[in-house]
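See below for the structure under consideration.
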Amino acid sequence: MKTIILGPPGTGKTTTLLNLVDEFLQSGIRPKEIGYFSFTRKAAQEAIDRASKRFNLDASKELIYFRTLHSFAFRLLGVKKEMIMNNSDYREFGEKFGIPVKYAEYSDEDGIFNVDSPYLRVINNARVRGISVLEEYDKNLHTIDIERDTLILLDRELAEFKKQKKMKDFTDLIIEFTQKDLSPKFKVLFIDEAQDLSFVQWQMVKSMWNKSEKTYIAGDDDQAIFEWAGADISHFVSLKEEVDSIQTLNVSYRIPGGPIHELSQRIINNVQNRYKKQYKPKADRGVLKYYTDVTQVDMSKGKWLVLATSHFFLEDVKDLCELQGWYYTHKGKNSIPLELLLAINNWEQWRNGSLLSFLEIKNIYSFLGPSVAPGFHQVKTLRSEEKYTIEDCKNHHGLIKIGAWYETFQKISTIEENYIRNMLAKGEQINKDPRIRLSTMHAAKGGEEDNVLIISDLTKAATISNEKNPDETRRLFYVATTRVKKELHIVEPKNFEKAFIL
């Protein structure tokens, strides 16, 4: 028996799946008889955490089949980590055959191959789509000119290179798992985030459900935004002819009613090949605002998620945040390093009489510069097991100045100092996570926030891609507009010819 569960944004797809897991465990099915596989490690880990907590299970021993597909193949094939191609291996290959490769590696989170070489990208996309490199080349999806004959040769040489080094990549793992038919028998099989699976991953999944009594395939084709990386959306949509039933979760607990929901539906209803589905938004009415320039957006209060198609378009937002004294995070890094913020907080507490540990003082000293006497910056005169007052360090451990942090911290720039002082003046809580997150739309999938700001510009490559495959762009902006819990803010593009008009 096979069932598709369609989960539009915010309808509780993951909760629905985990509730089913709970029911099967309560019915007496053993954990090792359940397979729960997801496109991303985050989704798999959420299932592990919930099941292990509720049923007091040892995740490492009893929930061994709760994982991503590529890690499942890795485990059953008995492959060691050093046998997997990494960035240095691909760079070695590039140097050997005269193609520049700065980065090339598979993401541990979702198994996507990230590479700057157009040749390696075409070769990988052909393999995950189950077609030849010439078929992939003839699709003309690449935006950089590449030599056809060189591509053919590199495809052969890469296979030989891996063979000689006795190494594999993530796609090799998936293909070999399927060919060897390694899947154990499951009472219940869950496949989450199915809209993102590639052709070769679908072949792996089919080999697994052939050995399963019940299979649940969950996802949302409208949120399929990894087609560029080989996601086979058409395969997911065509499954409606193979399954026993299709269930649609029809109430969103995230998206507010009114203009935001209406906008997202206008975008997605233009996509041609999809499951037709309707769902209700929240009863609360959302707010939709448009601006001609990002400087008009007031992000002084509340939590924000700022989305763009490329990190390049977030630079103006970063400048605005720093000008206004707003605390933000971008590419996993806070706008001010955590070590500096800790040093500032600890310094002011120290000045007010607190005792600090060896590590706290060492961190502070790294920012003091000339405010510490020569020879004392490494705090070698302090004992790691003791705590010290600021007077102790002034009298015996080289501390020269005791003033406000902005008077004493000599190893930070004037721009950085002014930005921090501006943040503190604006009441930003720099000892907590930043309330403004800057992200690409692809990276924000699965996230949500009260306030979402969308930059609608497209890069040249994205503009070309949009002309060839507008549905992919529509899905991307549908995902962006459905991250909203309260207010959606949209900045008009700088160039309307290179933008997605919302």
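Considering only residues that are touching a helix residue (DSSP H, G or I) at 6+ places or on another chain (Cβ under 8 Å) and open to solvent by less than 20 Å² (accessible area, probe 1.4 Å), which ones fall in segment 418-438?
Within segment 418-438, TYR419, ILE420, ILE430, ILE436, LEU438 qualify.
If you scan segment 74-83, which residues turn out to be closer than 26 Å to TYR103 by Cβ and over 22 Å from the mean Cα position of the chain (by Cα)?
LEU77, VAL79, LYS80, LYS81, GLU82, MET83 - these are the residues of segment 74-83 that are closer than 26 Å to TYR103 by Cβ and over 22 Å from the mean Cα position of the chain (by Cα).
Give the residue, chosen from LYS331, LYS301, LYS282, LYS362, that is surrounded by 14 or more Cβ atoms within 10 Å (Cβ to Cβ), over 30 Å from CYS393 (Cβ atoms) and charged (D, E, K, R).
The match here is LYS282.
Between residues in segment 205-225 that are crowded, with 23+ Cβ neighbours inside 10 Å and residues that are among the acidic types (Asp, Glu) and not in a strand (DSSP E or B), which pairs lie under 7 Å by C-beta distance while being six or more apart or on different chains?
Listed pairs, sorted by first residue: GLY219/GLU193; ALA224/ASP196.
Going through segment 50-82 one residue at a time, which ones are in contact (Cβ under 8 Å) with a residue 40 or more places away in the chain and either open to solvent by 60 Å² or more (accessible area, probe 1.4 Å) or not in a helix (DSSP H, G or I) (or both)?
Once the filter is applied, which keeps residues that are in contact (Cβ under 8 Å) with a residue 40 or more places away in the chain and either open to solvent by 60 Å² or more (accessible area, probe 1.4 Å) or not in a helix (DSSP H, G or I) (or both), segment 50-82 yields TYR65, THR68, PHE74, VAL79.
Only one residue in VAL251, VAL188, VAL237, VAL200 is among the β-branched types (Val, Ile, Thr), more than 30 Å from GLU82 (Cβ to Cβ) and open to solvent by 10 Å² or more (accessible area, probe 1.4 Å). Which one?
Of the residues listed, the single one that is among the β-branched types (Val, Ile, Thr), more than 30 Å from GLU82 (Cβ to Cβ) and open to solvent by 10 Å² or more (accessible area, probe 1.4 Å) is VAL251.
Go through segment 1-42 and count every residue that is open to solvent by 10 Å² or more (accessible area, probe 1.4 Å), more than 15 Å from GLN223 (Cβ to Cβ) and not in a helix (DSSP H, G or I).
6
Being open to solvent by 60 Å² or more (accessible area, probe 1.4 Å) and within 13 Å of the chain's Cα centre (by Cα) is the filter here, so list the residues in segment 93-108 that pass it.
ASP108
Return yes or no: is LEU355 among the aliphatic types (A, V, I, L, M), open to solvent by 40 Å² or more (accessible area, probe 1.4 Å) and without any contact (Cβ under 8 Å) to a residue 24 or more places away in the chain?
no
Just checking, which of ILE390, ILE402, ILE415 is modelled with pLDDT under 95, over 30 Å from PHE226 (Cα atoms) and in contact with a helix residue (DSSP H, G or I) (Cβ under 7 Å, 6 or more places away or on another chain)?
Result of the check over ILE390, ILE402, ILE415: ILE402.
The values are calculated or read from the model by the stated rules, or taken from the named source; none is laboratory data. All values derive from a computational prediction rather than experimental measurement. Because the Cβ atoms are built from the backbone with ideal geometry, glycine has one as well, and the counts that use them run over all protein chains shown. Just the protein is used for accessible areas: all its heavy atoms, side chains included, with ligands, DNA and RNA removed. Shrake-Rupley method; radii C 1.70, N 1.55, O 1.52, S 1.80 Å.
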